Amino acid sequence: MIAITGIIVTSVLMRKFANSPLHITEEVVGLLLSVSLFLGLPMVTLRAKHVRVALLADFLKGRLHSAMQIAALLVGCAFFFWLIIETIPWFEFAFKRSLKTETSRILLYPWMAAMPLALALTALILLARLTGLLDRVDDSEAGADQSFTDGAP
Amino acid sequence: MAFWLTLIGGLVATAGTGVALGAALGLTGMLILHFFSNGATSLAVDAIWSVFNSFTLSAVPMFILLGEVLLRSGISEKAYAAFSPLFRRIPGGLLHTNIAVCTLFGAVSGSSLSTAAAVGSVAYPEMSRRGYDKDTIVGSLAGGGTLGLLIPPSLSFLIYGALTETSIGRLFAAGIVPGFLVGAMFMAYLLVKALRNPAIAPRSETPVPLRQALAGFRQIWPLLALILAVIGSIVGGLATPTEAAGVGVVLAVIICSVWGDLTWQKLAEAVYHSVLLFTSVGFLVLGATILAKSASILGIPQQVLETVSESGLGTYSVLLIVVLIYLLLGCFFDGLSLMIMTLPVVFPLLTGLGFDPVWIGVIITIVIEIGQVTPPVGLNLSVLTALTNNEVSLGRVATATVPYWLIHLLAILLLALFPALALFLPNLLF
Amino acid sequence: AGADTWRFNNFLPETRPETAELEKFAADVNETLGEEQIKIYSGGSLGLPNTDTLRFLPKGAVEMSLMWANYLGRDAPALSSVVVQGTIGSIEEFEKAIPTVRKIYEEEFADWGVSSVGYAAIPMLSVSVFCRDEPVNTLEALKSKKLRVWARDQVETFTRLGVAAQIIPQEEMYVAMKTGVVDCALYPALYAHTVSLQEVASHASFLYPMASGPYVIGVATDKWEATDAATKAAITEAADALWERTNQYEDDFQRELAAREELAEAGITWAEDFPQEDRDTFVAAVTETWAMLAEEAGGNAPAYRERVLTALGR
Ligand code: NA
Ligand code: NA
């Protein structure tokens, strides 16, 4: 995030005052953005901070509630595993051909690796919840104790 | 038909479990790709990669970070403390500032999501602490955020202009009056709501001396300076609207360390929290992208609209049905991708009926703004749910936002009755 | 649209004349076969980015797609350096090169599992420098300006010439020109009105003629081989007619003049063209860029460049 800010501002200043625009800005910012999103994904999952529709799940109590939690974890696992399978040939393609970005010729696969890695980590967290290695908190229960904004004065 | 059954059935079955909404949308999209597009599920990965590899999207996390920096340095608290006395006696109080600041912010940012993220990250914590009704706060923020697309600069006008060869300057000019009109109607609604239910906003009958109120303004000038500097960097040709978000972050850090109490630790917290916040919105965007891809590649939106164009209905019935279709499609697709999918059919259809291209641009911008605040795929709703740390659930944000999109519909009605509301300014200027 | 209808992904907007030609192509095929065989989806409305064409088309995610080699450089670097825009300076030269270019595209796409079933020629465009504040019609004057360009080869070329060029996406160009993030923008006059350039620029001057490799209509090879002979024949026949209609360049200059005239009425002042000396310097720089790009792309790219150069007689 800091890197994104830094490069955008440097780019603006270079163009304005040195009349020599940075050609890498757009592509590097895009790559950094993707990477920070993928790295954030396991963190958000671990802290159970996802946006969800909790109408039915919160209405149910007791064993039905647990059953619903398991169903949710299964849906999550299904999605992440399916996506992981799809990323394998996708990554292989970029790796074998050493694909680079169009303008700044940055090698893509090291950045692209963030996607399968993050998906795998996230899937592992979900599996750990499913098997009981991690507590089965869902997002509403994670509660306000670790609010996004709690550190404010 | 099978498509719609899979779409709705898939969404209900997956999202109903209470799984992260992004996963529910994504899994439904993958199923549709698998069964309806020869198993072309690999498209999902390409789609995810290209949506996040976007310079334009970077404005969203930048604006979230900007808000976090203001919040943690105490600058925003000082500003709200200063504003509070001024609004104490107006029914609705600070809620009006949400709309006003969103309007102002709409003039900086090209997107509705950035506007909701930037204003919301500061306003929600400050106002909920001051005892405002949480649902009302998020409703006003989700609704106010939509002004980001109507008031220029606006991504939707830029894309509409390029796809239909309509003058971008005229489109920008046409958005101004409806933008302010909708903003004014939002405020009027808040006023009425607060009069009928005073509990939503804390009020005080103790008059604050004018001098004291004005003295409070010394507290807010750093914030004003920041807003002016960000607008100035765009108008002055220093930065594009996307870059301005990054410039704003640096300015905010400077201002907040000089006049607020920003420390390295607080800056680190701000960065960490904005990554988390952006990710939880981003994951939703990820799922929504897969779902949108699965429908757009089948040409579904065009097919729906083509049945209208072949129906031979009258001018205003067609307009009404088109608006209704956008309402329906807007539930499932995010605004800009919906516009790209539908324009090749809607534009010739509506121009053929004699509507002005600039006027159509304004109407389409309004209907896709409505799509930003209708569930399940409503990105403005999601960013606010994430901002409240799920304190206010997606369903509650959505419910609280209903009046705002009804106002948008009212605006469409007004624009249909008095097209000059949109067309007067462009005709004057060009 | 019936279940057997082929979706044709067209990334060009509905309003472009090329789209009308593609519509005519589809109508010809449908008329011959007496059913809706091809349906065109324009303006990227199928949601498929044109840079990803070599990923979705061979897999059959859509049945047919328009392709333009220069967009495909990330996945197939050799394709984007077959023709670098600006190197071919006249219609005569261009017509000499076209058969070779078509052949190269066909071979390269075949390697990707895509059959080239038709071609649409791109008009000979004239690229001008549009500026917001003052007329700029020498490379010397351009050196003190910030210039918007749209492709990497242009960045390389202008950097060689000492001009600060920056890629700004088409949708951000209007605001960037309006506010002065850039002072000038490179754009073909023929299409300038589509992005409302006349509202943010007040001066323009012609810099170079731009020939481009043709658009290719692609179908996944396995899909094409499984297609019945009558359908194939109808498509090939309509594609030949499409090529005949579009591979005509004698009116291009008239259209360019008409476009300039219209822009002038909308408030743009046309200055003298860039002097011949500057234009020669420019073409020389593009030629160097071309060699560099082909070198960098590696693989078949240098050989493709040699074949095109040979066809040009250079
Ligand atoms: Na705006
Ligand atoms: Na929606």
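The values are calculated or read from the model by the stated rules, or taken from the named source; none is laboratory data. These figures come from a predicted structure and were not determined experimentally. As a convention, Cβ positions derive from the backbone with ideal geometry for all residues, glycine included, and neighbour counts pool all protein chains shown. These area figures cover heavy atoms from the full protein model, side chains too; ligands, DNA and RNA do not enter into them. Shrake-Rupley method; radii C 1.70, N 1.55, O 1.52, S 1.80 Å.
Look at residue C:294 and say whether it is under 23 Å from the mean Cα position of the chain (by Cα), at negative phi, buried (at least 19 other Cβ atoms within 10 Å of the Cβ) and modelled with pLDDT under 95. For residue C:294, the condition - under 23 Å from the mean Cα position of the chain (by Cα), at negative phi, buried (at least 19 other Cβ atoms within 10 Å of the Cβ) and modelled with pLDDT under 95 - is met. Among the residues examined, residue B:418 qualifies as of a type in the set (Phe, Trp, Tyr), free of Cβ contacts under 8 Å to residues at least 12 places away in the same chain and away from ligand 1 (no atom under 16 Å from the Cβ). Out of curiosity, is residue B:397 of a type in the set (Val, Ile, Thr), within 10 Å of chain A (Cβ to nearest Cβ), in contact with a Ser or Thr (Cβ under 6 Å, 6 or more places away or on another chain) and within 15 Å of ligand 2 (Cβ to nearest atom)? So residue B:397 passes the test. If you check B:132, B:124 for being in contact with a Pro (Cβ under 9 Å, 6 or more places away or on another chain) and more than 16 Å from ligand 1 (Cβ to nearest atom), only one passes: B:132.
Any residue at all in the stretch C:212-221 that's on the phi > 0 side of the Ramachandran plot and in contact (Cβ under 8 Å) with a residue 24 or more places away in the chain? For the stretch C:212-221, residues on the phi > 0 side of the Ramachandran plot and in contact (Cβ under 8 Å) with a residue 24 or more places away in the chain: absent. So, in the stretch B:149-171, exactly how many residues are within 18 Å of residue B:423 (Cβ to Cβ), more than 9 Å from every other protein chain (Cβ to nearest Cβ) and hydrophobic (A, V, I, L, M, F, W, C)? Residues that pass the stated criteria total 3.
Would you confirm, using the coordinates I've provided, whether residue B:279 is within 14 Å of chain A (Cβ to nearest Cβ) and β-branched (Val, Ile, Thr)? Yes; evaluated as a whole, the condition is true for this residue. Here C:47, C:73 are screened, and the one residue that is within 8 Å of chain B (Cβ to nearest Cβ) and either on the phi > 0 side of the Ramachandran plot or surrounded by 18 or more Cβ atoms within 10 Å (Cβ to Cβ) (or both) is C:47. All of (1) closer than 18 Å to residue C:10 by Cβ; (2) more than 16 Å from ligand 2 (Cβ to nearest atom) hold for residue B:313 with one exception: (1). Looking at the structure I just gave you, is residue C:281 crowded, with 19+ Cβ neighbours inside 10 Å, touching a helix residue (DSSP H, G or I) at 6+ places or on another chain (Cβ under 7 Å) and among the polar types (S, T, N, Q)? Judged against the criteria, residue C:281 is not a match. If only residues of the stretch B:142-160 that are more than 16 Å from ligand 2 (Cβ to nearest atom) and assigned to a helix (DSSP H, G or I) are counted, the one that is surrounded by the most Cβ atoms within 10 Å (Cβ to Cβ) is B:144. Check off (1) under 18 Å from residue B:47 (Cβ atoms); (2) facing another protein chain (nearest Cβ under 7 Å) for residue A:93 and give me the number that stays unchecked. All conditions are met except number (2).
Just to be sure, is residue B:390 at pLDDT below 85 and either within 16 Å of ligand 1 (Cβ to nearest atom) or not hydroxyl-bearing (Ser, Thr, Tyr) (or both)?
yes
Taking the stretch B:329-372 as the range and being within 16 Å of ligand 1 (Cβ to nearest atom) and surrounded by 24 or more Cβ atoms within 10 Å (Cβ to Cβ) as the test, the residues that pass are B:335, B:339, B:361, B:362, B:364, B:365, B:366, B:368, B:369, B:372.
Would you confirm, using the coordinates I've provided, whether residue B:179 is within 16 Å of ligand 2 (Cβ to nearest atom), farther than 22 Å from residue C:47 by Cβ and in contact (Cβ under 8 Å) with a residue 40 or more places away in the chain? When the stated conditions are applied, residue B:179 does not pass them. Among the residues of the stretch B:375-389, those identified as more than 9 Å from chain A (Cβ to nearest Cβ), near ligand 2 (Cβ under 10 Å from one of its atoms) and open to solvent by less than 10 Å² (accessible area, probe 1.4 Å) are B:377, B:378, B:380. For the stretch C:159-168, state whether one or more residues are in a helix (DSSP H, G or I) and within 11 Å of another protein chain (Cβ to nearest Cβ). Yes, some residue in the stretch C:159-168 is in a helix (DSSP H, G or I) and within 11 Å of another protein chain (Cβ to nearest Cβ).
Residues in the stretch C:27-44 that are among the hydrophobic types (A, V, I, L, M, F, W, C) and within 14 Å of another protein chain (Cβ to nearest Cβ): C:38, C:40. Among the residues of the stretch B:35-54, the ones that are at pLDDT below 85 and either at positive phi or in a helix (DSSP H, G or I) (or both) come to 5 in all.
When B:100, B:123, B:79, B:116 are checked against the criterion of being within 23 Å of residue B:177 (Cα to Cα) and surrounded by 20 or more Cβ atoms within 10 Å (Cβ to Cβ), a single residue qualifies: B:116. Given the stretch C:181-255, what strands (runs of 3 or more DSSP E) lie entirely inside it while holding 3 or more residues that are in contact with a Gly (Cβ under 7 Å, 6 or more places away or on another chain)? Output list reads C:203-210. Quick check on the stretch B:161-175: of everything there that is within 24 Å of residue C:19 (Cβ to Cβ) and without any contact (Cβ under 8 Å) to a residue 40 or more places away in the chain, which residue is nearest to ligand 2 (Cβ to nearest atom)? Across the stretch B:161-175, the extreme among qualifying residues is B:162. Residue count for the stretch A:68-83 under the criterion of being more than 7 Å from every other protein chain (Cβ to nearest Cβ) and of a type in the set (Val, Ile, Thr): the result is 1. From the list B:76, B:50, the lone residue that is hydroxyl-bearing (Ser, Thr, Tyr), out of contact with any Lys or Arg (no Cβ under 7 Å at 6 or more places or on another chain) and either more than 10 Å from every other protein chain (Cβ to nearest Cβ) or in contact (Cβ under 8 Å) with a residue 40 or more places away in the chain (or both) is B:76. Only residues that are among the hydroxyl-bearing types (Ser, Thr, Tyr) and either buried (at least 24 other Cβ atoms within 10 Å of the Cβ) or touching a strand residue (DSSP E or B) at 6+ places or on another chain (Cβ under 8 Å) (or both) were counted across the stretch B:234-266, and they come to 2. Hey, does the stretch C:99-121 have a residue that's open to solvent by 10 Å² or more (accessible area, probe 1.4 Å), among the polar types (S, T, N, Q) and assigned to a strand (DSSP E or B)? Within the stretch C:99-121 (the criterion being open to solvent by 10 Å² or more (accessible area, probe 1.4 Å), among the polar types (S, T, N, Q) and assigned to a strand (DSSP E or B)), the answer is yes, since at least one residue qualifies.
All told, residue B:93 meets the bar of being open to solvent by less than 10 Å² (accessible area, probe 1.4 Å), in contact with a Lys or Arg (Cβ under 7 Å, 6 or more places away or on another chain), of a type outside the set (Asp, Glu) and away from ligand 2 (no atom under 16 Å from the Cβ). Hey, does the stretch B:414-430 have a residue that's under 30 Å from residue B:68 (Cα atoms), in contact with a Phe, Trp or Tyr (Cβ under 9 Å, 6 or more places away or on another chain) and open to solvent by less than 10 Å² (accessible area, probe 1.4 Å)? No, there is no match, as no residue in the stretch B:414-430 is under 30 Å from residue B:68 (Cα atoms), in contact with a Phe, Trp or Tyr (Cβ under 9 Å, 6 or more places away or on another chain) and open to solvent by less than 10 Å² (accessible area, probe 1.4 Å).
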